[in-house]
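Enquirer: Got a structure for you, written out below as structure tokens; questions coming shortly.
Read-outs throughout are calculated quantities, based only on the coordinates presented, and are distinct from any laboratory measurement. Just so we're clear, the structure is a prediction, and the values are computed from it rather than from any experiment. Cβ: placed from backbone, ideal geometry, glycine included. Neighbour counts: every protein chain shown.
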Amino acid sequence: MSANDEPSIFTRIVAREVPADVVFENDRIIAFRDIAPKAPLHLLVVPKTEAYRNVTELAAGDPALLAELVATAQQLADEHSDGEFRLVFNTGPSAGQTVFHVHAHLLGGQLSEGTLGH
Ligand code: 5GP
């Protein structure tokens, strides 16, 4: 649960309470298309647990899950693009984080400098 005890939007996607274009799922990770894409390929790669609010917490709490998330990103970039990608973890509101359930933005295709901050 998040701080206000409401399930995060991503937990609601995992539960299929909110529709999403899901491209990958296993027991620990889900990936789906960002609703407001900023690149030709823009997926969100998300641990199903919302125990970790950001990548720093995930790295400290479950480094194997972070490694699995990175490997999943590579697999998805191979499948959906040319295997090259940018992985962005916005961490904190001033960095643009709006959903406090850790997630990676997987950006691929032809990226411009403008997509650095996603
Ligand atoms: P953040 O700003 O926290 O790094 O990233 C949150 C991302 O989640 C944003 O890029 C936003 O477009 C995406 N997002 C927010 N709500 C939804 C939703 O309901 N469905 C999908 N597919 N993406 C969402």
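Enquirer: What range in the chain is the longest one free of GluC sites (Glu not before Pro) that are in a loop by DSSP and have at most 13 other Cβ atoms within 10 angstrom? Let's see the in-between values first.
Expert: Working: sites that count: Glu17, Glu84.
With a cap of 13 other Cβ atoms within 10 Å, the longest stretch comes to 18-83.
Enquirer: While we're looking at this one, here's another question. Take every Cα-Cα pair in the stretch 9-108 and report what % of them are more than 19 Å apart. All intermediate terms of the calculation are to be shown ahead of the outcome.
Expert: Details: 1808 of 4950 pairs.
In whole percent, the share of Cα-Cα pairs in the stretch 9-108 beyond 19 Å is 37.
Enquirer: What FRET efficiency would be calculated for the residue pair Asp21, Glu57, taking the C-beta separation as r and a Förster radius of 25 Å, to the nearest 0.05?
Expert: On the way: r = 27 Å, r/R0 = 1.08.
So the FRET efficiency works out to roughly 0.40.
Enquirer: What is the local net charge at Arg28, summed over the other residues whose Cβ is closer than 14 Å to its Cβ (Lys, Arg +1; Asp, Glu -1)? Before the final figure, lay out each step's value.
Expert: Working: positive: Lys48; negative: Glu25, Asp27, Glu50, Asp62, Glu68.
Summing Lys/Arg as +1 and Asp/Glu as -1 gives -4.
Enquirer: Turning to a different aspect of this structure: What net charge is computed for the residues neighbouring Pro47, neighbours being all others with C-beta under 14 Å from the C-beta of Pro47, Lys and Arg scored +1, Asp and Glu -1? Mind showing how you got there, number by number?
Expert: Details: positive: Arg28, Lys48, Arg53; negative: Glu25, Asp27, Glu50, Glu57, Asp62, Glu68.
Once all neighbours under 14 Å are counted, the net charge is -3.
Enquirer: I would also like to ask the following. Taking the chain as a Gaussian network, Cα atoms linked when under 10 Å apart, which of Asn54, Asn90, Asn26 shows the biggest mean-square fluctuation?
Expert: Ranking Asn54, Asn90, Asn26 by mean-square fluctuation puts Asn26 first.
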